[in-house]
């Protein structure tokens, strides 16, 4: 009955399925000592100063949070050299992606994104009843020529994840800026940089797109504190855009979408460069550990600049995923992204990575 009452786009939606929680695996399999490498979380957790800041905010929980996020916006403004009026805070960067579609996209519009790209893009597109135009991937990554060919008068938003989730692929500075430059002003280009901190210090030509916002009024860059900063449980992200775009986003944004603990922890985490550097260094060491093992096992993988890697297990991945669950290791099957033979594995600590590799060898031999 109630399904008939729902908006057409919502009726056709399938709920987003997150990585399996540790408690759920314990209930289902009775396994102990579980490690979770499924949701691209920081294995070091938050910086100690972020935890302390969240604890210090606890006595004020009876008060509503600062709906404008004044202090956090000021800190982000100083860090990135943008004005506070260009910043929109979100309940994770996913929130910004949804706000963009709510503010700018109607059923008469089209949204462009790539094959094998973040699952939220089709979800928010369908929820508002817009038409999704999906560009075929090139080597599991974005094909900018194919995406450019889909742009038309009805195009309103173009989503680009850089690095991309779940493939870890990335676009270099020159090709990405050339694409942004060519997009007509009636279409917003949204560059989703959830994994920016892991990618930016690499030896590749991976770009920092925040300075581009001053040159391209239709560009929006989104980032998050959920990954490298280790605050996934508090859900805080942000977008940087032209002030008029930010103003429109704030008209549809819920007034208290980022809670007090999240704001306090994010503000502290932003200043702890040492913890961020440790997180990035651990990720690089873990990435080398996994890729060297995959090479030894003769398993192909997709080179990644993020804090995860997708590996081809050379067979349907679902049984391998289930075998790993029985070994107490949670990873992520990505058949729903059109990659039925791949598993996405979050980079963990050295010990967690070794545990996963041992379990993978065992399961593949069964």
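Looking at region 50-66, can you tell me whether even one residue there is in contact (Cβ under 8 Å) with a residue 60 or more places away in the chain, surrounded by fewer than 18 Cβ atoms within 10 Å (Cβ to Cβ) and under 23 Å from the mean Cα position of the chain (by Cα)?
yes
For region 84-97, enumerate the residues that are surrounded by 19 or more Cβ atoms within 10 Å (Cβ to Cβ) and outside any loop (DSSP other than H, G, I, E, B).
Selection gives 86, 87, 88, 89, 90, 93, 94, 95, 96, 97.
Kindly indicate the residue of region 71-83 that is under 23 Å from the mean Cα position of the chain (by Cα) and part of a helix (DSSP H, G or I) and also surrounded by the most Cβ atoms within 10 Å (Cβ to Cβ) among those meeting that condition.
Here the answer is 72.
Could you please find all residues in region 334-366 being surrounded by fewer than 23 Cβ atoms within 10 Å (Cβ to Cβ) and assigned to a strand (DSSP E or B)?
334, 339, 340, 341
Is region 308-326 home to any residue that is under 22 Å from the mean Cα position of the chain (by Cα), under 27 Å from residue 50 (Cβ atoms) and in contact (Cβ under 8 Å) with a residue 12 or more places away in the chain?
yes
Looking only at region 250-259, how many residues end up being in contact with a helix residue (DSSP H, G or I) (Cβ under 9 Å, 6 or more places away or on another chain), surrounded by fewer than 17 Cβ atoms within 10 Å (Cβ to Cβ) and either in a loop (DSSP other than H, G, I, E, B) or not assigned by TED's automatic domain parsing to the domain that holds residue 75 (or both)?
Selection size over region 250-259: 1.
Would you please name the residue that is farthest from residue 42 (Cα to Cα), looking only at residues in region 340-354 that are within 18 Å of the chain's Cα centre (by Cα) and in contact (Cβ under 8 Å) with a residue 40 or more places away in the chain?
Ranking the qualifying residues of region 340-354, first place goes to 344.
Somewhere in region 98-113, is a residue modelled with pLDDT of 95 or more, under 20 Å from residue 40 (Cβ atoms), touching a strand residue (DSSP E or B) at 6+ places or on another chain (Cβ under 9 Å) and part of a loop (DSSP other than H, G, I, E, B)?
Scanning region 98-113 turns up no residue that is modelled with pLDDT of 95 or more, under 20 Å from residue 40 (Cβ atoms), touching a strand residue (DSSP E or B) at 6+ places or on another chain (Cβ under 9 Å) and part of a loop (DSSP other than H, G, I, E, B).
Answer yes or no as to whether residue 290 is outside the structural domain of residue 118 (by TED's automatic domain parsing), part of a strand (DSSP E or B) and buried (at least 19 other Cβ atoms within 10 Å of the Cβ).
So residue 290 does not fit the description; no.
If you check residue 206 against the conditions, is it farther than 26 Å from residue 345 by Cα and in a loop (DSSP other than H, G, I, E, B)?
Here the answer is no, as residue 206 does not meet what is asked.
Could you please give the count of residues in region 46-65 that are touching a helix residue (DSSP H, G or I) at 6+ places or on another chain (Cβ under 8 Å) and either part of a helix (DSSP H, G or I) or within 15 Å of residue 268 (Cβ to Cβ) (or both)?
13
Answer with yes or no whether residue 262 is in a helix (DSSP H, G or I) and within 13 Å of residue 95 (Cβ to Cβ).
Yes, satisfied.
Do we find that residue 129 is part of a loop (DSSP other than H, G, I, E, B) and out of contact with any helix residue (DSSP H, G or I) (no Cβ under 7 Å at 6 or more places or on another chain) in this structure?
For residue 129, the condition - part of a loop (DSSP other than H, G, I, E, B) and out of contact with any helix residue (DSSP H, G or I) (no Cβ under 7 Å at 6 or more places or on another chain) - is not met.
Any idea which of 279, 300 is crowded, with 19+ Cβ neighbours inside 10 Å and closer than 26 Å to residue 170 by Cα?
That would be 279, the only listed residue that is crowded, with 19+ Cβ neighbours inside 10 Å and closer than 26 Å to residue 170 by Cα.
Each row is one residue, and each column tells you yes or no for (1) part of a loop (DSSP other than H, G, I, E, B); (2) under 22 Å from residue 287 (Cα atoms); (3) under 18 Å from the mean Cα position of the chain (by Cα); (4) without any contact (Cβ under 8 Å) to a residue 40 or more places away in the chain.
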position: 147; (1), (2), (3), (4): no, no, no, yes
position: 157; (1), (2), (3), (4): no, no, yes, no
position: 175; (1), (2), (3), (4): no, no, no, yes
position: 189; (1), (2), (3), (4): no, no, yes, yes
position: 198; (1), (2), (3), (4): no, yes, yes, no
position: 202; (1), (2), (3), (4): yes, yes, no, no
position: 211; (1), (2), (3), (4): no, no, no, no
position: 238; (1), (2), (3), (4): no, no, yes, no
position: 248; (1), (2), (3), (4): no, no, no, no
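Determine if region 236-249 includes at least one residue that is touching a strand residue (DSSP E or B) at 6+ places or on another chain (Cβ under 7 Å) and under 13 Å from residue 195 (Cβ atoms).
There is at least one residue in region 236-249 that is touching a strand residue (DSSP E or B) at 6+ places or on another chain (Cβ under 7 Å) and under 13 Å from residue 195 (Cβ atoms).
The values are calculated or read from the model by the stated rules, or taken from the named source; none is laboratory data. What you are looking at is a predicted structure, and each value in this text was computed from that prediction instead of being measured. All Cβ positions, glycine included, derive from the backbone under ideal geometry; neighbour counts span all protein chains shown.
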